[in-house]
Every structure is written in structure tokens, then in C-alpha cells.
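S.K.: Following this message is one structure expressed as C-alpha cells.
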Amino acid sequence: ANTSTVGSNIITQLYSTTLDADIATNPQFVINHHTKKKEIVVQDVKNNLYLIGTDGKVLWKKELSGKIIGEISQVDLYRNGRLQLAFNTTDKMMILDRNGNEVSPFPIDFKNTITQPLAVFDYSNNKDYRFVVVMGKKIEMYDRYGKVVTGFILDETENTIINSPKHIRIGNKDYIILQENDGKLDILHRTGDLRIRVRGSIDFSGNEVYLYDKKFTTTNSSGDLIQVDQKGGLNKIELGLKENHLIDATANTLATISENILTIKNNKATLDFGIYTKPEIFYINDKIYVTVTDKQTHKVYLFDSNAKQVENFPVYGDSAIDLADIDNDKKLEMVTVGDKNSIICYKIN
């Protein structure tokens, strides 16, 4: 790494924006398709969703019928470069345009309680979206016209599904991944048919399945790394992670936090004991960053791929962050919850 640039990271508060009630979700950056800059979406405990401009001003607020589950995805439903926000609440799958208006034929209402974040698949990167909604053991797939995809034959698993369904592509093969709470890992075709029979069951830790090292990768509750290859072979690597450990992974990078030890690739950082959010890996301007937040002391940490702390961190913050170059000036910004009812956007100069 070029240490001279790392040594000049001064962190300034770009703005802080106060909402009308306490914050309920992690703030996240979304793209404004007009300006090509990034804005912030966040929801408060009264179910109001806010869009906050690149300058920190509230552009709109809209009351929803419930709390958003998990992350909001951006989609280009009409394939014209305009982006919409797609997400689940406990009873609706919703798509809003950038002014906060519902995009017909959405929302779709559900009688059963939606239990997982909305999964959005775009198999061939041609915006022919598949929206996957999970209600306990039930699973339904919709197309971008809001119609049920009849070619997807799985409508119910034997056991409750944990985490959102995932689409993983290896070479030119598509896999849909489901985790069932009894330890069954389902690796399916696009049709919902079984594609790989996994040899053995996994005592899931609750962490998601990632494509890492060309294998389907997660951890078990004993703290081992579990990797399944494309033939269904299951390999266990002892990592000695403690209970309640959390992981994130990209194709070549694994990050774990176990008690107060953060590991990135094979590099370790020892933090204070605390209550940490899941590590998040960001790959921006050819650099890997890993972040965790200690909810107990309200500190946001930022590390490079060698598990070296970026200078002038930690900073104050009370949620998992999002990290991006929001104004296209080659410098990074991050957003986090500040006080209970405000968000803070920092600039890393």
C-alpha cells in the first residue's frame, strides 16, 4: 500500500441529519440516476422511509405499513437507466421510484408473514429480475411484471429458511442457495430443482453462504469454516471461532469477528471487548476495506486488507456503516447512525 496517502486520512463530518423519530434500520447509500451521486435511505421507528440528498437534506419521507427487513436493493425495472428501491416489509414486497411513489404493479401483499429480506436475482445482468420472497418455509418467485414465475417449482422447503436465498454463479453455472434451520443446505437450479446434493448436514452458525475460494462457504456453530464444492463434497476447516461469531466473504477475501478478534484473510487485529456488528468487506478504487461497529461503545472501525486500522479511526457511530465515494471526488464517505434519531455522514480526506 502507498503509506503516504494512508497517513493523510483526516476524517471530517460532512453533515448530520436529524429525523423525526429514532432510527430503525442501517442507513445505506443508493445511487441518484440523474446526478450519478449517492444519497441515503433510512427508516425510523414510526416506519417513515427517508431519502436524504448528497448534501444531507431530506428529499422526502414516506410512511410505510411496516419495518423494512434487511437491505434495500436498487433495480432498473423499465431498463431505461432509472433506478427504483426494492424491499420487503413483513407483509409487502415494495418497489418505490426515486420520488417515493409506488411502482405499479407493486406492492404485492402477502397473507403470510415475510421472514427474510427480499432477494433480487439478475442471472444474466440484463435486468430480467427475479424477486424471491420467503415466508418461513414458503418461497415465492416473481418477475419484474409482478407475476409469479411458474418455472420455479419449489414452493416450500421441509424446514424454516434462515437468511435470504442467494444466487451464486460459478463459471457459467447458476446456483440458488437456501439454508434450512435443520442443517440442510439446498443448492438448486434456477428452476428450484436440486442441482448439487450436499454430502452431510451443517450445524449452521446463522451466517450466510458466500462464494469464497470458488466454493460455497459458511461456518458452523462450532466455529469451523464449512466449504462445499460443486460435487457436493463438504470440507471443514477448524478456525476456532467462538459462539456468535460473524463473517463476510468475497471471492478471495474472508473476514471474521470472534469475540474481540477481527481476522481479514490471515491477518488479525485485536479490538476491545464489545458487541460488534457483522464485518463488512468493501472493495473501492482497487482497495479492500473491512469495517465493524462496536454497538457498546458507539465506535466505528475501519481496516485495510492487512487488518491495519485506517488512521484516525475509530470514529463515533452507532450502526453498521455504508462506505462509498458519494460525490465522485475519489475520496470516501461513510454513513452511520449518530444519536438515536440522526445519521452522520463522514468524509475520509
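The values are calculated or read from the model by the stated rules, or taken from the named source; none is laboratory data. No experiment lies behind these values; they were computed from the predicted model shown. Using ideal geometry, Cβ is built from the backbone for each residue, glycine included, and neighbour counts are taken over all protein chains shown. Accessible surface is based on the protein model in full, side chains and every heavy atom, while ligands, DNA and RNA are left aside. Shrake-Rupley method; radii C 1.70, N 1.55, O 1.52, S 1.80 Å.
S.K.: Which of the strands (runs of 3 or more DSSP E) contained wholly in region 114-190 include at least 2 residues that are open to solvent by less than 50 Å² (accessible area, probe 1.4 Å) and under 23 Å from residue 221 (Cα atoms)?
M.R.: 161-170, 173-180, 185-188
S.K.: Out of 210, 276, 316, which single residue is farther than 22 Å from residue 166 by Cβ and in contact with an Asp or Glu (Cβ under 8 Å, 6 or more places away or on another chain)?
M.R.: 276
Yes or no, residue by residue, for (1) out of contact with any strand residue (DSSP E or B) (no Cβ under 6 Å at 6 or more places or on another chain); (2) of a type in the set (Gly, Ala, Ser):
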| position | (1), (2) |
| --- | --- |
| 34 | yes, no |
| 53 | no, yes |
| 79 | yes, no |
| 93 | no, no |
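S.K.: Has region 205-227 got any residue that is surrounded by fewer than 19 Cβ atoms within 10 Å (Cβ to Cβ), assigned to a strand (DSSP E or B) and of a type in the set (A, V, I, L, M, F, W, C)?
M.R.: Scanning region 205-227 turns up at least one residue that is surrounded by fewer than 19 Cβ atoms within 10 Å (Cβ to Cβ), assigned to a strand (DSSP E or B) and of a type in the set (A, V, I, L, M, F, W, C).
S.K.: Out of all the residues in region 233-243, is one or more under 30 Å from residue 29 (Cα atoms), open to solvent by 20 Å² or more (accessible area, probe 1.4 Å) and not aliphatic (A, V, I, L, M)?
M.R.: Taking every residue of region 233-243 in turn, none turns out to be under 30 Å from residue 29 (Cα atoms), open to solvent by 20 Å² or more (accessible area, probe 1.4 Å) and not aliphatic (A, V, I, L, M).
S.K.: On to the next question. When you scan region 264-280, how many residues do you find that are open to solvent by 20 Å² or more (accessible area, probe 1.4 Å) and in a strand (DSSP E or B)?
M.R.: 5
S.K.: Sort out which residues of region 316-339 are closer than 21 Å to residue 278 by Cβ and either open to solvent by 20 Å² or more (accessible area, probe 1.4 Å) or among the small types (Gly, Ala, Ser) (or both), and write them in order of number.
M.R.: Initially, region 316-339 is screened for residues closer than 21 Å to residue 278 by Cβ, giving 316-324, 332-338.
If the condition is that a residue be closer than 21 Å to residue 278 by Cβ and either open to solvent by 20 Å² or more (accessible area, probe 1.4 Å) or among the small types (Gly, Ala, Ser) (or both), then 316, 317, 318, 319, 320, 322, 324, 338 are the ones that fit.
S.K.: Show the residue pairs meeting these rules: Cβ distance below 6 Å; 6+ apart or different chains; first residue within region 198-226 and more than 15 Å from residue 263 (Cβ to Cβ); second residue part of a loop (DSSP other than H, G, I, E, B) and of a type in the set (Asp, Glu).
M.R.: Filtered contacts from region 198-226: 215/229; 220/203; 221/203.
S.K.: In addition: Going through 225, 154 one at a time, which residue ends up being aliphatic (A, V, I, L, M), more than 30 Å from residue 104 (Cβ to Cβ) and modelled with pLDDT of 95 or more?
M.R.: The conditions single out 225.
S.K.: What residue, of 346, 301, is in contact (Cβ under 8 Å) with a residue 40 or more places away in the chain and among the hydroxyl-bearing types (Ser, Thr, Tyr)? First the steps, then the outcome.
M.R.: Values: 301 fails: in contact (Cβ under 8 Å) with a residue 40 or more places away in the chain.
Answer to the check: 346.
S.K.: Of (1) assigned to a strand (DSSP E or B); (2) open to solvent by 80 Å² or more (accessible area, probe 1.4 Å); (3) hydroxyl-bearing (Ser, Thr, Tyr), residue 201 satisfies all except one. Which?
M.R.: (1)
S.K.: Residue 62 fails exactly one of the following numbered conditions: (1) in a loop (DSSP other than H, G, I, E, B); (2) in contact with a Gly (Cβ under 9 Å, 6 or more places away or on another chain). What is the number of that condition?
M.R.: (1)
S.K.: Of everything in region 299-349, what is assigned to a loop (DSSP other than H, G, I, E, B) and over 23 Å from residue 256 (Cα atoms)? Give them in sequence order. So that I can check it myself, show each step before the final result.
M.R.: Applying the first criterion (assigned to a loop (DSSP other than H, G, I, E, B)) to region 299-349 yields 305-308, 310-314, 317-321, 325-331, 338-341, 349.
Selection gives 325, 326, 327, 328, 329, 330, 331, 338, 339, 340, 341, 349.
Residues checked against (1) within 22 Å of residue 289 (Cβ to Cβ); (2) more than 23 Å from the chain's Cα centre (by Cα); (3) not polar (S, T, N, Q):
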{"position": "174", "(1), (2), (3)": "no, no, yes"}
{"position": "185", "(1), (2), (3)": "no, no, yes"}
{"position": "203", "(1), (2), (3)": "no, no, yes"}
{"position": "217", "(1), (2), (3)": "yes, no, no"}
{"position": "227", "(1), (2), (3)": "no, no, no"}
{"position": "235", "(1), (2), (3)": "no, yes, no"}
{"position": "241", "(1), (2), (3)": "yes, no, yes"}
{"position": "270", "(1), (2), (3)": "yes, yes, no"}
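S.K.: Kindly indicate the residue of region 68-84 that is surrounded by fewer than 16 Cβ atoms within 10 Å (Cβ to Cβ) and assigned to a loop (DSSP other than H, G, I, E, B) and also nearest to the chain's Cα centre (by Cα) among those meeting that condition.
M.R.: 76
S.K.: Any residue in region 46-67 that's open to solvent by 40 Å² or more (accessible area, probe 1.4 Å): show its pairings with residues that are basic (Lys, Arg) and part of a strand (DSSP E or B) at Cβ separation under 8 Å, as long as the two are six or more apart or on different chains.
M.R.: Filtered contacts from region 46-67: 65/92.
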